[in-house]
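Asker: Below: one structure in structure tokens.
The values are calculated or read from the model by the stated rules, or taken from the named source; none is laboratory data. Note that the coordinates shown come from a computational prediction; the quantities given were computed from them, not determined experimentally. Cβ: placed from backbone, ideal geometry, glycine included. Neighbour counts: every protein chain shown.
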Amino acid sequence: MARPVSRLEPAPPAPAASMLLRIPGTDPREVDTFWIREVFRADRVPQFTLRAVLLGSAMGVVACAVNLYAGLKTGIIPGVAIMAGLITYVSHDAMRRLTRGMPLSPLETCCAQAVASAAGYATGSALVSSQGAYLLLTGHHPPGWTLLAWTFVLSALGVFFAVPLKRQFIDREQLPFATGTAAALTVRALHDTDTEGRPRLRSLGLGVLVSSLVTTGRDALQLMAYTVSFPGRQGGVPLERLGFGLDLSLMLMGSGALLGLRITASALLGGLLMYGGVAPRLVAAGILPPDAELSTFREWSMWPAAAVFISAALLRLVLQGPALFRALRSLASSRDASAPHPVDALQIPQRWWVGGVVVLVPATVALAKVGFGVPVLHATLSVALSFILALIAGRITGETDVTPADALGSVTQLTSNLLQPRDAAAGLVTAGITVNTACSAADLLSDLKTGHLLGAHPRWQFLAQLLGSAVGAAAVVPLFYLLVPSPSALGGEQFPAPGVTAAAKLAQVLSTGLGSLPPSLLVASGCAALLAVLLTGVEHLLPERARRWVPSPVGLGLGFLLPLSATISIWLGGLVAEGVRRTRPVAWERRFLPLATGFIAGEGLMGVALLLLG
């Protein structure tokens, strides 16, 4: 299935005077010289310390819980970079006041952030899509040791895949990576003055508190319904059955605030088009029964959604062909012809990278064979394809701040089903390889961007991310077994799991052939793909200022996929955020964005706690 995995982080606020968002220089050597002379700080302040690693590990466990819960609930993986920086800072500041210890340095906060982000980013995507779909298809989980080793190995491989991409996308091309830039600005603001950091911390704490109370009142005390349905009918179908309503979820509203108005308005447009226009016509034409429920409409609409995501991602790949070719060519050349630069001594040693890949690739292939029964050749091809897709995902993430995880995973599924027809489970396993490795590599580049802007040591950031992958695997796999003990836990009101359901359906269709789809679905998916191609092409041709008026294909697909009640809540969050940004830009950056982040974290943590408490 093609589900967008958005990190849901805000676009970078106005830059502080003390931070350069683009390193000046006319050629790579000049840029490197300026960076090591003016930006690099790891030789003067601590970075990779025990307390930073411990704080980051604790925050990583929190990130795993929030990401897993939110992914199963909404299909969207929230970001952890800014939240990790804020909570790391405030928790250590509180402990420091009690123990009279030394404050964290900005680079220690960056290190803790890298550990937490690796734990959250590199372990959540596959579990809430391909791995959950594997459970639905087979009816059982793989053994615990298999899933634990599988999650860690793939996450660690993503860390190694990010190494060569960092020099090209961050050091050379200086792609924006909005999440990483925003995180760097947040860390700098927290450490510059107390007056800069306190409003953010208070807003984050307020968001966590309010969201936790609302979640408790709704889910535990049942003082309110989860969804307030709208009265009326559309095309003879009750609006309630079409999903018209408002989800009382601060997580959804906070997600909308961080996604921005363009994507949320596009999602609302897609939801109204699908559930207000297409769905009643399907009932009127007799394609769907008159008593069809929302779940029936959503099972139908996920196919056009998948067509939107896949076609938009593939067209972006074609449009970025020249740039991707240059990136591949730069990665193919092992060394520059010029003399070594001092910056080269700070990068990951080539022997580390080669050694890690030599160990992790055979381990991945062996686990796929022993744990899931995937043939060695198919697993090997999937790993090789994952590096190419990591290159694609890294560029898309750097430019748009959206990682098309399952759209790329679908490419691997298609390849696997061509090689091994009628084996849906094998296709899901190979898709999991891509989702974890390629997309974690792209997401972790955002943290490397944060460290680059703050002047962190690249080698120490790499070690922090590798450690975070181990922490994340150890935390998220047992939690996944607890939250999803059986297939019956997925697809209901508690965990709609749109990514899981759609991935399972896609795997079934690919294993039986597209001919098994009804003609109406084929026509609708074709029209959706054509619309996505048109919007992506127009978006590519228009100048930057005009693009905001073009509906986002990612947003449209999200509107097709999610219940309309959830889409309306997400849109309201985006609308309020845009109003605050336009009228009070300072309050938007200092107070509103941390508040929205707190809404996501509060519901995620309280939701997990309530489920574990039974």
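Here's the yes/no breakdown for (1) β-branched (Val, Ile, Thr); (2) touching a residue at least 24 places away in the same chain (Cβ under 8 Å):
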residue: 217; (1), (2): no, no
residue: 224; (1), (2): no, yes
residue: 289; (1), (2): no, no
residue: 310; (1), (2): yes, yes
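Asker: Does residue 495 meet the test of being touching a residue at least 40 places away in the same chain (Cβ under 8 Å), part of a loop (DSSP other than H, G, I, E, B) and buried (at least 19 other Cβ atoms within 10 Å of the Cβ)? Break it down stepwise before answering.
Answerer: Details: touching a residue at least 40 places away in the same chain (Cβ under 8 Å): yes; part of a loop (DSSP other than H, G, I, E, B): yes; buried (at least 19 other Cβ atoms within 10 Å of the Cβ): yes.
Considered against the rule, which asks whether it is touching a residue at least 40 places away in the same chain (Cβ under 8 Å), part of a loop (DSSP other than H, G, I, E, B) and buried (at least 19 other Cβ atoms within 10 Å of the Cβ), residue 495 comes out as yes.
Asker: Another question, then. Out of the residues in region 266-283 meeting the condition of being small (Gly, Ala, Ser) and buried (at least 21 other Cβ atoms within 10 Å of the Cβ), tell me which one is farthest from residue 550 (Cα to Cα).
Answerer: The initial filter retains those residues of region 266-283 that are small (Gly, Ala, Ser), namely 266-267, 270-271, 276-277, 279.
After this cut, where a residue has to be buried (at least 21 other Cβ atoms within 10 Å of the Cβ) as well, the list is 266-267, 270-271, 279.
Details: 266: 9, 267: 12, 270: 13, 271: 16, 279: 24 Å.
Among them, the one singled out is 279.
Asker: Regarding region 442-456, can at least one residue be identified that is farther than 25 Å from residue 374 by Cβ, among the polar types (S, T, N, Q) and without any contact (Cβ under 8 Å) to a residue 12 or more places away in the chain?
Answerer: Checked against the condition, which is being farther than 25 Å from residue 374 by Cβ, among the polar types (S, T, N, Q) and without any contact (Cβ under 8 Å) to a residue 12 or more places away in the chain, region 442-456 yields no hits at all.
Asker: Oh, and also: Identify, from the list 530, 514, the residue that is modelled with pLDDT of 85 or more, touching a helix residue (DSSP H, G or I) at 6+ places or on another chain (Cβ under 9 Å), loosely packed, with under 15 Cβ neighbours inside 10 Å and not β-branched (Val, Ile, Thr). If you could, list the steps in order and put the result at the bottom.
Answerer: Working: 514 fails: modelled with pLDDT of 85 or more.
Result: 530 is the single residue among 530, 514 that is modelled with pLDDT of 85 or more, touching a helix residue (DSSP H, G or I) at 6+ places or on another chain (Cβ under 9 Å), loosely packed, with under 15 Cβ neighbours inside 10 Å and not β-branched (Val, Ile, Thr).
Asker: Can I ask one more? Just to be sure before I move on: is residue 163 in contact with a Pro (Cβ under 6 Å, 6 or more places away or on another chain), more than 21 Å from residue 72 (Cβ to Cβ), of a type in the set (A, V, I, L, M, F, W, C) and not in a loop (DSSP other than H, G, I, E, B) in the structure I sent?
Answerer: Details: in contact with a Pro (Cβ under 6 Å, 6 or more places away or on another chain): no; more than 21 Å from residue 72 (Cβ to Cβ): yes; of a type in the set (A, V, I, L, M, F, W, C): yes; not in a loop (DSSP other than H, G, I, E, B): yes.
Considered against the rule, which asks whether it is in contact with a Pro (Cβ under 6 Å, 6 or more places away or on another chain), more than 21 Å from residue 72 (Cβ to Cβ), of a type in the set (A, V, I, L, M, F, W, C) and not in a loop (DSSP other than H, G, I, E, B), residue 163 comes out as no.
Asker: From 591, 581, 547, which residue is basic (Lys, Arg) and more than 28 Å from residue 272 (Cα to Cα)? If you could, list the steps in order and put the result at the bottom.
Answerer: Numbers: 581 fails: more than 28 Å from residue 272 (Cα to Cα); 547 fails: more than 28 Å from residue 272 (Cα to Cα).
Result of the check over 591, 581, 547: 591.
Asker: Another question, if that's okay. Within the group 127, 136, which residue is buried (at least 24 other Cβ atoms within 10 Å of the Cβ) and touching a helix residue (DSSP H, G or I) at 6+ places or on another chain (Cβ under 9 Å)?
Answerer: Numbers: 136 fails: buried (at least 24 other Cβ atoms within 10 Å of the Cβ).
The unique qualifying residue is 127.
Asker: From the list 535, 467, 463, exactly one residue is in contact with a Phe, Trp or Tyr (Cβ under 9 Å, 6 or more places away or on another chain), surrounded by 17 or more Cβ atoms within 10 Å (Cβ to Cβ) and either more than 25 Å from residue 130 (Cβ to Cβ) or at pLDDT 90 or above (or both). Which is it? Full working, then the answer.
Answerer: On the way: 535 fails: in contact with a Phe, Trp or Tyr (Cβ under 9 Å, 6 or more places away or on another chain); 467 fails: in contact with a Phe, Trp or Tyr (Cβ under 9 Å, 6 or more places away or on another chain).
Result: 463 is the single residue among 535, 467, 463 that is in contact with a Phe, Trp or Tyr (Cβ under 9 Å, 6 or more places away or on another chain), surrounded by 17 or more Cβ atoms within 10 Å (Cβ to Cβ) and either more than 25 Å from residue 130 (Cβ to Cβ) or at pLDDT 90 or above (or both).
Asker: Of everything in region 547-567, what is among the hydrophobic types (A, V, I, L, M, F, W, C) and surrounded by fewer than 24 Cβ atoms within 10 Å (Cβ to Cβ)? Give them in sequence order.
Answerer: Those that are among the hydrophobic types (A, V, I, L, M, F, W, C) and surrounded by fewer than 24 Cβ atoms within 10 Å (Cβ to Cβ): 549, 550.
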